[in-house]
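**Student:** So that we are looking at the same thing, I have put the structure below in structure tokens.
The values are calculated or read from the model by the stated rules, or taken from the named source; none is laboratory data. Not measured: the values here are computed from a predicted model. Don't worry about glycine lacking a Cβ; one is built from the backbone with ideal geometry, like all the others, and counts go over all protein chains shown. Surface areas here come from the heavy atoms of the whole protein model, side chains and all, with no ligands, DNA or RNA. Shrake-Rupley method; radii C 1.70, N 1.55, O 1.52, S 1.80 Å.
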Amino acid sequence: MSRKGMPVLGAFIDALSWDDAIAQIAAWSAVRESRYICICNVHSVVTAMLDTGFGTAVNRADMATPDGAPVAWALRRLGFPSQERINGPDLMWKYLAEAERLGQTVFYYGGTEATLKKLIAAVARQFPRLQAGVTHSPPFRPLSAQEDEEEVAMINGCGAQIVFVGLGCPKQEKWMATHRGRINAVMIGVGAAFDYHAGVIKRAPVWMQRKGLEWLYRLCLEPRRLLKRYLVTNSLFIVGFSKQLIAGVRSRK
């Protein structure tokens, strides 16, 4: 599949459908190609603008999907009028259905032991024919070179075709970037998806998700942690993308 898309604040985001995304992941994973996928919301594209290392990781990804209503809206304004929001929790769940159909092995990297235990139980209830997934909860501290090699050997040794990475942004994107070419699987950074599907964090009602208001629901749940981040990143996004649109208009004159 040739990539279509546009930079949003400098971060290249793919313009693609749900079917396109699932089909491409299935094609890569069938032959255990070492690839990685970033799921990009407003926080991601703003961080990519401010953090050179993170920006490099996103722009070198094999796929970067538009998570968050504003990022999908930005692609629509940039010439892809049918672009949908392709977010981490839903991509994970939709691909697990495909992995069940294909008989693939899945690895879950990140989260706590307690969360992973609940996640595996939830996955088993929803996808009873899916092979039992392999999990690993890495320590929060940086790994030694030997520990990293042992983790790579563990992931490759189990034959996983898909590795869902739940380390949070920007850690998971940088981790995937440094492990492409070493892990023989498709790595997908899904952020808080483990917590959502495990039932540790309650997700916004479907109507709020469809209206692009999931951020508001999260803000109401965690105002102290998220208020400042949303104020800063949303403001930077609005200003930055407005400048991008104006520059685009001027360049066409």
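**Student:** What is the Cα radius of gyration of the range 62-170 over 2.2 N^0.38 Å, N being its residue count? Don't skip to the end; give the middle numbers.
**Tutor:** On the way: Rg = 16.4 Å, N = 109, 2.2 N^0.38 = 13.1 Å.
Ratio of Rg to 2.2 N^0.38 Å for the range 62-170: 1.25.
**Student:** Ok, one more. May I ask you to rank M208, M154, M187 by accessible area, largest first, using a 1.4 Å probe over the protein chains only? Mind showing how you got there, number by number?
**Tutor:** Working: M208 25, M154 70, M187 0 Å².
Listed by decreasing accessible area, they come as M154, M208, M187.
**Student:** Show me the helices of the chain, taken as full DSSP H stretches, that run 27 Å or more along their long axis by Cα and average -0.5 or above in Kyte-Doolittle hydropathy.
**Tutor:** On the way: long enough: 223-252 (43 Å, 0.13).
Membrane-span-like by this criterion, though nothing is claimed about a membrane: 223-252.
**Student:** When only C-alpha pairs under 8 Å and at least 6 residues apart count, what is the relative contact order of the range 112-253, in percent?
**Tutor:** On the way: 88 pairs, mean separation 31.8, N = 142.
Relative contact order of the range 112-253: 22 percent.
**Student:** Please give the solvent-accessible surface of T52 in Å², to the nearest 10, using a probe radius of 1.4 Å with every protein chain present.
**Tutor:** 110
**Student:** Within 13 Å, Cβ to Cβ, of L219, how many net charges do the neighbouring residues add up to if Lys/Arg are +1 and Asp/Glu are -1? Spell out each step's value before the answer.
**Tutor:** On the way: positive: R218, R224, R225, K228, R229; negative: E214, E222.
For residues surrounding L219, the net value is +3.
**Student:** Could you give the length gained on full extension between Q146 and Y217, defined as 0.36 nm per residue of separation minus the Cα-Cα distance, in nm? Let's see the in-between values first.
**Tutor:** Values: separation 71, 0.36 × 71 = 25.56 nm, distance 4.13 nm.
Computed gain between Q146 and Y217 is 21.4 nm.
**Student:** When the accessible area of the range 147-253 is split by element with a 1.4 Å probe, what percent falls to carbon and sulfur? The partial results should precede the final answer.
**Tutor:** Numbers: 3540 of 5880 Å².
Carbon-and-sulfur percentage of accessible area, whole number: 60.
**Student:** Can you give me the relative contact order of the chain as a percent, contacts being Cα pairs under 8 Å and 6 or more apart?
**Tutor:** Details: 392 pairs, mean separation 59.8, N = 253.
Over the chain, the number comes to 24 percent.
**Student:** Right, here's the next one. With only Lys, Arg, Asp and Glu charged, each at its Cβ (+1 for the first two, -1 for the last two), find how big the charge dipole of the chain is about the Cα centre; round to the nearest 20 debye. Working shown, then result.
**Tutor:** Values: 32 positive and 21 negative charges, 220 e Å.
Dipole of the chain, to the nearest 20 debye: 1060 debye.
**Student:** How much accessible area per residue does the range 1-131 have, counting only protein heavy atoms and a probe of 1.4 Å, in square angstrom? Spell out each step's value before the answer.
**Tutor:** Numbers: 5520 Å² over 131 residues.
In whole numbers, the range 1-131 has 42 Å² accessible per residue.
**Student:** Moving on. Given Cα pairs under 8 Å that are at least 6 residues apart, what percent is the relative contact order of the range 25-123?
**Tutor:** On the way: 80 pairs, mean separation 21.8, N = 99.
After rounding, I find 22 percent.
**Student:** Okay, moving on. Quickly rank 75-84, 100-109 as a protection proxy: mean count of other C-beta atoms within 10 Å, highest first.
**Tutor:** Details: 75-84: 16.3, 100-109: 19.4.
Highest-to-lowest ranking by the protection proxy: 100-109, 75-84.
**Student:** Test of understanding: in a Gaussian network model of the chain with alpha carbons linked when under 10 Å, which of G68, G181, G110 would top the mean-square fluctuation ranking?
**Tutor:** G181
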